[in-house]
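Undergrad: One structure, as structure tokens, below. Some questions next.
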Amino acid sequence: MTSHPSATGIRTPGLVRSDAAGECAVRVQGVTRRFGPVLAVDNLSLTVEQGRTVALLGPNGAGKTTTISMLLGLSAPDAGSIEIFGSAPGSATAHASVGAMLQDGGMMPGVLVGELLAMVRSLYATPLALHEAVEIAQLGGLEKRRVDRLSGGQSQRLRLAMALIGDPRLLVLDEPTAAMDVETRRGFWHAMEGFTERGRTILFSTHYLEEADVTADRIVMMARGRVVADGTPSAIKDSVGLRVIRFSIATPGIAGIDALPGAVSATAHGSRVELRCKDSDAALRALLAARPDAYDIEVAGVALEDAFITITDGIAA
């Protein structure tokens, strides 16, 4: 399997040339998009292998939404090229190769859920069965409810059903689990596992970093319109070179703990302390000498959120 170096030097086993592993789902080459003086996407190149689940992450203004818009053919790049299964984005969408679940966009008030899905289904040559789309999107029992009477989470699930019902090869999801409760979110991602097991591809953006950590094969981080990290969740977390020591203290106060050898910063939540470290071995030895009241000690890698902040913080425009 061929791997490619990322913007952070991470080598990504999941990123494979199409001639080595079959057809590419997405190929973006040198894409730039401006809105007046604002450079929203800056010379972006990205390849996604078919059958992968890829998370597109970044702070507000990173260029994620603009990138998704161009992938769907809703806007055109000022420079560069985009191919979806070898075709232009608009053509791929028109031929049902792509399904999209976006945050924006209303639905016709007064229409029943089942009626709307049946109407959308009739537009495709080889759609999913209606009951299958309803089951995947967890809409059972809501078929006779008006779309304007749905809760926020139910509306999200209806958008998912509409994106899925054409049986697309690529599913593009923009904040797909927003407004979903924990149980529904878990069911959603279980359904998406079944989608990729059929050789389909998922590209999604989310602000739930723990969700991306658990569900994505690969994470692409953007900032200021550029890719700043690209790799598996584990590779990206390891790339920042930080570890965390968590412990409890019997005596309140953490003054000076962040100045211990190997330490970077310290935060306290009641009696529980989290110490971020560049050298966890040195920090742990110093901690035990300086704070004999420390107990219930854990040493672990940083969370994806910590890596995200470390990588994206302070990147110049």
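We did not get these values from a lab; they are worked out from the coordinates using the rules stated. Just so we're clear, the structure is a prediction, and the values are computed from it rather than from any experiment. Don't worry about glycine lacking a Cβ; one is built from the backbone with ideal geometry, like all the others, and counts go over all protein chains shown.
Undergrad: I'd like the residue in region 239-292 that is β-branched (Val, Ile, Thr) and within 26 Å of residue 311 (Cα to Cα) and, out of all such residues, is surrounded by the fewest Cβ atoms within 10 Å (Cβ to Cβ).
TA: Restricting to residues being β-branched (Val, Ile, Thr) and within 26 Å of residue 311 (Cα to Cα), the top hit is 267.
Residues are listed down the side, and each one gets a yes or a no for (1) crowded, with 16+ Cβ neighbours inside 10 Å; (2) farther than 20 Å from residue 54 by Cβ; (3) in contact with a strand residue (DSSP E or B) (Cβ under 9 Å, 6 or more places away or on another chain):
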| site | (1), (2), (3) |
| --- | --- |
| 78 | no, yes, yes |
| 81 | no, no, yes |
| 117 | yes, yes, no |
| 128 | yes, yes, no |
| 133 | yes, yes, no |
| 138 | yes, yes, no |
| 144 | no, yes, yes |
| 175 | yes, no, yes |
| 178 | no, no, no |
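Undergrad: Condition test on residue 92, is it surrounded by fewer than 22 Cβ atoms within 10 Å (Cβ to Cβ) and not in a strand (DSSP E or B)?
TA: When the stated conditions are applied, residue 92 does not pass them.
Undergrad: Can you tell me which residues in region 248-274 are hydroxyl-bearing (Ser, Thr, Tyr) and either part of a strand (DSSP E or B) or in contact with a Pro (Cβ under 9 Å, 6 or more places away or on another chain) (or both)?
TA: Passing the criteria: 248, 265, 267, 271.
Undergrad: From the list 57, 39, 44, 72, pick out the single residue that is farther than 30 Å from residue 148 by Cα, in contact (Cβ under 8 Å) with a residue 60 or more places away in the chain and surrounded by fewer than 22 Cβ atoms within 10 Å (Cβ to Cβ).
TA: 39
Undergrad: Show me the helices (runs of 4 or more DSSP H) found entirely inside region 144-226 where at least 3 residues are farther than 25 Å from residue 66 by Cβ and free of Cβ contacts under 8 Å to residues at least 60 places away in the same chain.
TA: Correct list: 152-164, 182-197.
Undergrad: Additional query: Being within 23 Å of residue 94 (Cβ to Cβ), out of contact with any helix residue (DSSP H, G or I) (no Cβ under 8 Å at 6 or more places or on another chain), part of a helix (DSSP H, G or I) and of a type in the set (A, V, I, L, M, F, W, C) is the requirement here; does residue 235 meet it?
TA: no
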